[in-house]
Ligand code: HEC
Ligand code: HEC
Ligand code: HEC
Ligand code: HEC
């Protein structure tokens, strides 16, 4: 019991430490800085092209519509949808991204951007903050549902398999 408690304390301390280390060094760099390598099957794959054509890339544009302003008003907000932080929370990754960018799912990249790629150990990238959600173990679906849930004013349910097909990308 005592061991379990001290292990837990250690685990918590470690988590706090890593969180602290990352908070200073991991900034969002924006999806455009992934474009050069991730548009090319011979480099990092074609994830950028898939993303660019997806609704995630247009998620801020969707807030700049009369329809979105109407939703914001109905929800009791006095600001326009694109100026309402409660809406931006799910629709935008950071000031550097017009919408839900790569880093919404793969983590803020300033520290791992140069630590991953051809010939590099993915473990180093993960240690530097890269998030690699997986379809197979359910972690991807879990991540989707942090935004695709009933806190979204237009939510009509979320079928993971169907939705993943629309944005699916991988290496190569
Ligand atoms: C200098 C080129 C380059 C840039 C810039 C780049 N990547 Fe990559 N990335 C690669 C290559 C090459 C691979 C494939 C590595 C392999 O096949 O083992 C990769 C793989 C990945 C992977 C899969 C895990 C891994 O490490 O194999 C993710 C996730 C990823 N990149 C995300 C990003 C994101 C997000 C950005 C922008 C913030 C980005 N990359 C910018 C070259 C780059
Ligand atoms: C950071 C929040 C966020 C995360 C995480 C997220 N999404 Fe989304 N997603 C959105 C928003 C916002 C929209 C609406 C974009 C628009 O049209 O303005 C959207 C739209 C979509 C659409 C288009 C809707 C449609 O009916 O065609 C698909 C498909 C989608 N997401 C799939 C996924 C999948 C699969 C995951 C997990 C792997 C995921 N999303 C994770 C915020 C998110
Ligand atoms: C909505 C969430 C989401 C967004 C946005 C997103 N990804 Fe991914 N990405 C995933 C998931 C989930 C996987 C794992 C797929 C699997 O398990 O096969 C993945 C896999 C990858 C892989 C392959 C990893 C491997 O090991 O095979 C690369 C490379 C990658 N993403 C790069 C990017 C880049 C670059 C962008 C932006 C242009 C981006 N992703 C945007 C969720 C996302
Ligand atoms: C919890 C995350 C979340 C919040 C908060 C959120 N949205 Fe969304 N929004 C989404 C997702 C995910 C989608 C796509 C699927 C859906 O409709 O749930 C979406 C879709 C939309 C669409 C439809 C886009 C299209 O063209 O199909 C509009 C408009 C919209 N949201 C406006 C708003 C407004 C306005 C607010 C703030 C009052 C807001 N959203 C808050 C996650 C969110």
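The values are calculated or read from the model by the stated rules, or taken from the named source; none is laboratory data. Nothing here was measured: the structure is a model prediction, and the numbers come from that model. Here the Cβ is made from the backbone with ideal geometry for all residues, glycine too, and neighbour counts use every protein chain on show.
Tally time: how many residues in the range 117-141 are within 12 Å of residue 105 (Cα to Cα) and loosely packed, with under 12 Cβ neighbours inside 10 Å?
1
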Check your understanding: Applying the selection to the range 89-103, what residues are surrounded by fewer than 22 Cβ atoms within 10 Å (Cβ to Cβ), within 14 Å of residue 58 (Cα to Cα) and within 8 Å of ligand 4 (Cβ to nearest atom)?
Key -> 90
Point to revise | Scope the range 150-172; condition under 16 Å from the mean Cα position of the chain (by Cα), in a loop (DSSP other than H, G, I, E, B) and either surrounded by 14 or more Cβ atoms within 10 Å (Cβ to Cβ) or more than 14 Å from ligand 3 (Cβ to nearest atom) (or both); matching residues | key: 169
Check your understanding: In the set 75, 64, which member is surrounded by fewer than 20 Cβ atoms within 10 Å (Cβ to Cβ), within 19 Å of residue 149 (Cα to Cα) and more than 16 Å from ligand 3 (Cβ to nearest atom)?
Key -> 75
Review point. More than 10 Å from ligand 3 (Cβ to nearest atom) and in contact with a helix residue (DSSP H, G or I) (Cβ under 7 Å, 6 or more places away or on another chain), is that true of residue 133?
Key: no
Exercise for review: Considering only residues that are in contact with a helix residue (DSSP H, G or I) (Cβ under 8 Å, 6 or more places away or on another chain), in contact (Cβ under 8 Å) with a residue 24 or more places away in the chain and away from ligand 1 (no atom under 16 Å from the Cβ), look in the range 56-74 and name the one that is farthest from residue 94 (Cα to Cα).
Suggested key: 71
Practice item. Exactly one condition in (1) without any contact (Cβ under 8 Å) to a residue 40 or more places away in the chain; (2) within 9 Å of ligand 1 (Cβ to nearest atom); (3) surrounded by fewer than 18 Cβ atoms within 10 Å (Cβ to Cβ); (4) closer than 14 Å to residue 26 by Cβ is not met by residue 106; state its number. Key: (3)
Practice item. Determine which member of the set 168, 111 is touching a residue at least 60 places away in the same chain (Cβ under 8 Å), farther than 20 Å from residue 48 by Cβ and more than 9 Å from ligand 4 (Cβ to nearest atom). Key: 111
Practice item. Run residue 49 past the list (1) modelled with pLDDT of 95 or more; (2) within 16 Å of ligand 2 (Cβ to nearest atom) and report the number of the one that doesn't hold. Key: (1)
